[in-house]
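Let me begin by presenting the structure, written as structure tokens, before commenting on it.
The values are calculated or read from the model by the stated rules, or taken from the named source; none is laboratory data. This is a predicted model, so every value here is computed, not measured. Cβ placement follows ideal geometry from the backbone for every residue including glycine, while neighbour counts extend to all protein chains displayed. To get the accessible areas, we keep the full protein, side chains included, count just its heavy atoms, and leave off ligands, DNA and RNA. Shrake-Rupley method; radii C 1.70, N 1.55, O 1.52, S 1.80 Å.
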Amino acid sequence: MIVDVHAHLTDERLHGRLGSVIASAKAAGVVRVVTCGVGPEDSLKALALRDDFVRVSLGIAPYDLRGYEEVIELIRRNSPVVDAVGEVGLDLYRGTREGFVEQRRVFSEFIALAKELDKPLVIHSRNAGRPAIEQLLSEGAERVVMHAYDGDVSAAKRAAGRGFRFSIPPRIATSDQKKALVRKLPLEALLIETDSPWLGPERTVVNEPKNAWFSVEWIARLKGINPDRVLEVTYRNALEVFGWSDLP
Ligand SMILES: [Zn+2]
């Protein structure tokens, strides 16, 4: 039983053949996918997909904050069917140093919103892992999914000690940084994600939730444990962070 905690099923590369994408995910043992809407338009598309299998998190790209107020409105208005706030966060890869103050300010608004509505946060922190973790900790965020974290391991360990969780994409297959992260963090801090259609096992692959298996197998290999154990603990972690009761 795998929960893919982060994917973009609204992406045109998946959206047009969603029936088969979902069928092969289910055949591969995926029991739920959290699709992430980025910006107001994509968020509306994500909401339209929501059912028992596809759940929804709504956010904005930190390097393109146009329309973020609308996203906040959408989250408020649809609160009962929004499972998480995000992805939101900080990005120094595509964002500018000058824009970073604004990124932080908007990030604060989303952190406060998640606290007010009692939702978990899904965090994008490209090239900004440590500042994102510091801001989350200082602003009292509690249920946190650090998605595709690319920062240093020591900040990650500190965050894991405060209950933050780190979702591991199939790209771990070719990433030494992600392998180091998995070795150093306890299994209790890990989740499975695909970030479909991004972050597949290889750059050329259009990623799909069925590839969540790559993450499970790599975690098992790096920790020297049985994949069943990885499934069991990451599944429980997902239920906990999203506040779900057992899935069918
Ligand atoms: Zn993403």
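Accessible area per residue for the chain, computed on protein heavy atoms with a 1.4 Å probe, is 42 Å².
Can you tally the net charge around L47? Count Lys and Arg as +1, Asp and Glu as -1, for every other residue whose Cβ sits under 14 Å from the Cβ of L47. Residues near L47 contribute -1 overall.
Rank-order 9-15, 146-152 by packing density, defined as the average count of other C-beta atoms within 10 Å over each peptide's residues, highest first.
Numbers: 9-15: 17.4, 146-152: 22.4.
Those peptides, ordered most packed to least, come out 146-152, 9-15.
Give me D for segment 1-76 in µm² s⁻¹, whole number, from Stokes-Einstein with Rh from the Kirkwood sum over alpha-carbon pairs, 25 °C and 0.890 mPa s. Walk me through the intermediate numbers first.
Values: Rh = 12.8 Å.
Answer from the Stokes-Einstein relation: 192 µm²/s.
Considering every alpha-carbon pair of the chain, the percent of pairs per 5 Å bin, from zero through the bin containing the longest distance, is 1, 7, 15, 20, 22, 18, 12, 5, 1, 0.
Quick one: length gained pulling E240 to R50 fully straight, 0.36 nm per residue minus the C-alpha distance?
On the way: separation 190, 0.36 × 190 = 68.40 nm, distance 1.99 nm.
Roughly 66.4 nm would be gained on extension.
Bridging of K157 to lysines at a Cα separation below 21 Å is possible for K178, K179, K184, K223, once same-chain residues fewer than 8 apart are set aside. Taking every DSSP bridge with both residues inside the chain, close to 5 percent are antiparallel. Counting only DSSP beta bridges with both residues in segment 26-110, tell me the antiparallel percent, nearest 5. Roughly 10 percent of the DSSP beta bridges within segment 26-110 come out antiparallel.
Would you work out the relative contact order for the chain, in percent, from Cα pairs under 8 angstrom that are 6 or more residues apart?
The normalised contact order for the chain reaches 20 percent.
With all protein chains in place and a 1.4 Å probe, the accessible surface of segment 184-247 carries 51 percent carbon and sulfur. Each of A27 and D228 was given a label point 7 Å from its Cα along the Cα-to-Cβ line. The distance between the two points is 2.5 nm.
Of all the options K119, K178, K26, the one that moves most in a Gaussian network model of the chain with Cα springs shorter than 10 angstrom is K26.
Taking Cα centre as origin and charging only the Cβ of basic (Lys, Arg, +1) and acidic (Asp, Glu, -1) residues, the dipole magnitude of segment 66-123 rounds to 100 debye. Counting only protein heavy atoms and a probe of 1.4 Å, the accessible surface of segment 1-66 is 53% carbon and sulfur.
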